[in-house]
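Okay, so here's the structure we're looking at.
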Amino acid sequence: MEDKLVTLAIRTYSRAQMIKSVLEENGIDTVIHSLNLEQPGMSVGVRVRINQNDLPRALKIVEEMESAWEEKKDETSVNHVLIPIDFTDQIPKLIDFGFHFADILAAEVVFFYAYFSPAFTISINNDVSTYSISDSELLRRIIATANHEMEVLGNNIKKRIADGTLPNIPYSFELKEGVPEDQILDYCKKQNPALVVMGTRGKKIDNELIGSVTAEVMEACVSPVFAVPSQMQIQTPEDVHRVAFLTNFDQKDLIAIDRTISLFNSGNFEIYFIHASEKNEAWDEVMLGGIKAYFANHYPNLTTHYALLGNTYTPEIIEEYMKGKGINVLAFNSRRRRLLSRLFNPGLAYKMVLYSDIPLFVTHI
């Protein structure tokens, strides 16, 4: 009887070809299947599949290969978690989650502070005059204040590492002048951090839309983003036990779900696969069941659920479902959007940042 094929890994096409070559040199038959069935040549990832009986030996070989690849990385391209800060009282939560994820990802931590120096405007006898402190004096004050705040933050982190409440992970600070969202996006484009951990005010406060910097970054960033609302219920990474993933049955969702599980699965963990549609299509339930079965097969210790919300994705419906199920984190894959599109038709990430007090994990695959 022919052995059952199982998926060993989901990788880029070039990386999958290298894995296939090494496995076959070791006598393990390997098949590569494209995730993009409509345009295989443009696939964002492919499945590396092998016979189930070869799985233990293949896992060991791939682990050794990828460890060697990691060691060969250019030293100037250090894997890191980026934490944009503005020196608010929300920083302790960002530190907890940022260092926790950096520990999982074997990464360093980079704190990023962007300052903006606008001109000051005053009114004299109904005549509006614009003036500013000299550029050098203004910059001196801003940089001096930022450096002081960073020194205080650094001393606090050292104490927490010393007393064991934070993992002993290298960290550094970046200071840039400019509009925060622009500087963060530019940094991510050039440095490609493994993850961005940002704070947000969450729901509307005094009828003002708060948290737009985080929303802008989530809509356009090349790196995955984890948003930490100031009023969220969970206090530490160890409190994350239930994650909901919104899926549209896109092939790219498989990679995004795999990233989500790898980042949040710490043992006592459940994932809810959610799909929303205006029509109750029987095929939707079949697809959801297939996703649930796929990941249950590849993560046998993982508890999985699925649900059809029976409507389009709106913050109110999603929030109601998550509160009813006790969801700790909402995850989904989102396409990066151009500026005009974000201005006139805000995406789900933008809406949820401004509406929800539940943390968000957004990937762009």
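The values are calculated or read from the model by the stated rules, or taken from the named source; none is laboratory data. All figures in this text were calculated on a predicted structure; none of them were measured in a lab. Neighbour counts run over all protein chains shown; Cβ positions are idealised from the backbone, glycine included.
Taken residue by residue, segment 244-261 has no member that is among the β-branched types (V, I, T), outside the structural domain of K292 (by TED's automatic domain parsing) and either surrounded by 21 or more Cβ atoms within 10 Å (Cβ to Cβ) or part of a strand (DSSP E or B) (or both). Of everything in segment 42-80 that is modelled with pLDDT of 85 or more and outside any helix (DSSP H, G or I), the residue that is nearest to D96 (Cα to Cα) is H80.
When M352 is tested against (1) modelled with pLDDT of 90 or more; (2) in contact with a Leu (Cβ under 6 Å, 6 or more places away or on another chain), just one condition goes unmet, and that condition is (1).
Considered as a group, the residues in segment 223-243 that are in contact with a strand residue (DSSP E or B) (Cβ under 9 Å, 6 or more places away or on another chain) and either assigned by TED's automatic domain parsing to the domain that holds F273 or not in a strand (DSSP E or B) (or both) include one that is farthest from I104 (Cα to Cα), and that residue is S230. Among the residues of segment 175-194, those that are of a type in the set (A, V, I, L, M, F, W, C) and either in contact with a Cys (Cβ under 6 Å, 6 or more places away or on another chain) or modelled with pLDDT of 90 or more (or both) comprise I184, L185, C188, A194. Can we say A194 is closer than 18 Å to V109 by Cβ and free of Cβ contacts under 8 Å to residues at least 24 places away in the same chain? When the stated conditions are applied, A194 does not pass them. Among the residues making up segment 149-175, a single one is of a type in the set (S, T, N, Q) and surrounded by 14 or more Cβ atoms within 10 Å (Cβ to Cβ): N156. If only residues of segment 81-112 that are small (G, A, S) and not in a helix (DSSP H, G or I) are counted, the one that is farthest from P224 (Cα to Cα) is A106. Return yes when Q39 is surrounded by fewer than 17 Cβ atoms within 10 Å (Cβ to Cβ), modelled with pLDDT of 70 or more and not assigned by TED's automatic domain parsing to the domain that holds H298 and no when it is not. So Q39 fails the test. Candidates in segment 313-331 are the residues that are in a loop (DSSP other than H, G, I, E, B) and of a type in the set (V, I, T); of these, the one that is surrounded by the most Cβ atoms within 10 Å (Cβ to Cβ) is I327.
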